[in-house]
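Report on the structure given below.
The values are calculated or read from the model by the stated rules, or taken from the named source; none is laboratory data. Every value quoted in this text rests on a predicted model; they were computed, and no experiment measured them. Here the Cβ is made from the backbone with ideal geometry for all residues, glycine too, and neighbour counts use every protein chain on show. Remember, those area values only see protein heavy atoms, side chains included, never the ligands or the DNA or RNA. Shrake-Rupley method; radii C 1.70, N 1.55, O 1.52, S 1.80 Å.
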Amino acid sequence: QSMIARVSFLALVASAACFAPSPQPLAASKRFARDSAATSMKLHMQMQTSRRSLLGSASVVAGSILLGQTAAVAPAAAKLDSRLPTPDDLLIYVGAGCFWHVQHEMIVAEQKILGRDGATYTSVAGYAGGTKIGEQSKVCYHNMKSDSDYGQMGHTEVVAVKVPNDRLLFFVEAFLDLFDAKGIRADPQDAGGEYRTALGLPGGMSNDAVEVLKEFAGKKGMKVLPGTGNEADTLRARSIYVYDTTQFPFYAGELYHQYHNDMKEDYGKEYKALRKVAQERGTLALSQCPGDAKLMLSSR
């Protein structure tokens, strides 16, 4: 009996459960539990209640159970317990066009799937997938000095997030939700290898989650390929490059790119305020890239 057949069977069982929202985020400490809109804000979390969405989430849970990743039920089936970041979390990264909106969606995923808040979010915008780095291990956004330009070094825009192993497939689902039913990303106007679709996993294509990724990506007409670095854009081919996070590590982007509005959407003051909260926590810092020069001067 094939794995896919078992996933389908378990999906039908799980899809019969009631859909319930994720629990409210919990403050990690008294320091960040103060009356700050940034730590208690409600992001744009439109709960999908269609039969198709329920079946999709249930199938991901079924896949998780088969892969031995979780004994819990899915967000579609019941409330999940909150999971604060720990040293045992996996570092993964996702790319689907401009990293501004992708970071926002990963923050929403952290809140929805893990119950995290402004004191505990781990999503960081940055770069990965290239075979070169600049001096002092720098990878920078496009700049007039051509200093460690990420595009010239073959990288693409991604967002890294730290997730528990037993919630990995939920984030694979959140990643695929960045594309429409035909496998097209939200901002097709941004073209080039710097915007190619990427998924960084420990072990790359050998990660157990890839088999489930292939099944669900296929439903959107998307192909899953091993990432070898410096690839061209994936928009026309509708492909996903899976990178081994050891061979193709993540490089954090400039501070000014973090918690940034999308080109088409303003996420609000509370969202942008999360940048300062992350700086205070020590999870974000000014880079040595030219783009952060103005922020560097203003902080002195």
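Check whether at least one residue in the range 254-276 is in contact with a strand residue (DSSP E or B) (Cβ under 8 Å, 6 or more places away or on another chain), open to solvent by 60 Å² or more (accessible area, probe 1.4 Å) and modelled with pLDDT of 95 or more, and report yes or no. No, because not a single residue in the range 254-276 is in contact with a strand residue (DSSP E or B) (Cβ under 8 Å, 6 or more places away or on another chain), open to solvent by 60 Å² or more (accessible area, probe 1.4 Å) and modelled with pLDDT of 95 or more. Filtering the range 198-233 to residues that are under 16 Å from PHE248 (Cβ atoms) and under 18 Å from the mean Cα position of the chain (by Cα) leaves ALA198, LEU199, GLY200, LEU201, PRO202, GLY203, GLY204, MET205, ASN207, VAL210, VAL224, GLY227. Quick one: would you say THR228 is more than 27 Å from ASP117 (Cα to Cα) and open to solvent by less than 10 Å² (accessible area, probe 1.4 Å)? Here the answer is no, as THR228 does not meet what is asked. Just wondering, is there one or more residues in the range 150-172 that are over 17 Å from TYR241 (Cα atoms), outside any loop (DSSP other than H, G, I, E, B) and without any contact (Cβ under 8 Å) to a residue 60 or more places away in the chain? Within the range 150-172, none of the residues are over 17 Å from TYR241 (Cα atoms), outside any loop (DSSP other than H, G, I, E, B) and without any contact (Cβ under 8 Å) to a residue 60 or more places away in the chain. The set of residues from the range 232-244 being open to solvent by 30 Å² or more (accessible area, probe 1.4 Å) and either in contact with a Cys (Cβ under 9 Å, 6 or more places away or on another chain) or not in a strand (DSSP E or B) (or both) comprises ALA232, ASP233, LEU235, ARG236, ALA237, ARG238.
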